[in-house]
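To start, the structure under review is shown below, and the notes come after it.
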Amino acid sequence: MRINGRDHVLDLDHRVTLLDALRERLDLTGSKKGCDHGQCGACTVLVDGRRANSCLLLAVAHDGAEITTVEGLADADGALHPLQQAFLDHDAFQCGYCTPGQLCSAVGALREAAAGHPSHATTPTTAAATGRPAVLTPEEIKERMSGNLCRCGAYNAIVDAVTTVDTATNTAATTGDPTTDDPAPDPAPSREAAA
């Protein structure tokens with residue numbers, strides 16, 4: 001598996017979950033074991049760019065997959081991912097246990113919305129239903145993040161943080177950076193580019 005931009009060869013029992021392989025074999029403890037039943041989202045990681053509950057995935061079934069954990073979101077130079085910074089700026093966490101899963105899920109949600117994938121909250125008349133990028137209203141963000149629970153109740157701040165990054169990304173993509181005229185970066189930059 002390629003995890004956070006680095007190749008790893010693991011010899012594992014076929015019953016080991018991706019979450020347990022990450023935490024126990026690779027010491028990547030950011031992804032948390034919450035319910036261990038795929039219901040809380042604390043273990044969310046990105047698998048080939050899509051969010052997934054790592055507690056439900058068998059590691060051996062992901063041979064050759066590109067896995068990104070919360071540890072892999074920051075740039076190689078240590079600069080925080082825009083969502084990590086937004087979570088700090090908006091106090092989008094309290095105890096922090098669910099935060100790694102929330103961050104990975106938010107990265108996936110932004111990618112899905114940018115690709116025009118509808119959610120349950122998307123109406124037939126909204127842009128996402130027509131294949132154009134989804135407008136992430138608070139209702140859309142809440143629906144897209146509904147698989148990630150937060151017992152501390154930081155939901156409003158999480159919505160604010162995701163909105164901030166979505167707005168910044170969309171603004172920069174449509175107007176370009178005034179100093180460089182480059183489009184906004186992907187909300188989840190590839191670790192390949194950083195390597």
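The values are calculated or read from the model by the stated rules, or taken from the named source; none is laboratory data. Every value quoted in this text rests on a predicted model; they were computed, and no experiment measured them. Backbone-built Cβ (ideal geometry, glycine too); neighbour counts: all protein chains shown. Side chains are part of the model used for accessible areas, which takes the heavy atoms of the whole protein and leaves out ligands, DNA and RNA. Shrake-Rupley method; radii C 1.70, N 1.55, O 1.52, S 1.80 Å.
Some observations on this one:
- Qualifying residue in the stretch 122-136 (condition: buried (at least 22 other Cβ atoms within 10 Å of the Cβ), modelled with pLDDT of 95 or more and not acidic (Asp, Glu)): no
- Within the stretch 5-22, tally of residues that are open to solvent by 20 Å² or more (accessible area, probe 1.4 Å) and assigned to a loop (DSSP other than H, G, I, E, B): 9
- Only residues that are open to solvent by less than 70 Å² (accessible area, probe 1.4 Å) and either among the β-branched types (Val, Ile, Thr) or within 18 Å of the chain's Cα centre (by Cα) (or both) were counted in the stretch 34-59, giving 17.
- Scanning the stretch 20-42 for residues that are closer than 16 Å to ASN4 by Cβ and touching a Lys or Arg at 6+ places or on another chain (Cβ under 6 Å) yields a count of 1.
- Meets criteria (open to solvent by less than 40 Å² (accessible area, probe 1.4 Å) and free of Cβ contacts under 8 Å to residues at least 12 places away in the same chain) for ALA74: yes
- Selection within the stretch 23-57 - assigned to a loop (DSSP other than H, G, I, E, B) and among the acidic types (Asp, Glu): ASP27, ASP36, ASP48
- Residue count for the stretch 139-163, restricted to those that are open to solvent by less than 60 Å² (accessible area, probe 1.4 Å) and either closer than 14 Å to GLU112 by Cα or not in a loop (DSSP other than H, G, I, E, B) (or both): 10
- ALA114 vs. criteria open to solvent by less than 70 Å² (accessible area, probe 1.4 Å) and either closer than 26 Å to LEU26 by Cα or out of contact with any Pro (no Cβ under 7 Å at 6 or more places or on another chain) (or both): no
- For the stretch 80-103, the count of residues that are in a helix (DSSP H, G or I), over 12 Å from the mean Cα position of the chain (by Cα) and closer than 20 Å to SER146 by Cα is at least one.
- Considering the conditions (1) within 17 Å of ARG2 (Cα to Cα); (2) open to solvent by 50 Å² or more (accessible area, probe 1.4 Å); (3) not acidic (Asp, Glu), THR69 is excluded by exactly one of them, (2).
- When ALA113, ALA61, ALA86, ALA52 are screened for being hydrophobic (A, V, I, L, M, F, W, C), out of contact with any Phe, Trp or Tyr (no Cβ under 9 Å at 6 or more places or on another chain) and at pLDDT below 95, only ALA113 passes.
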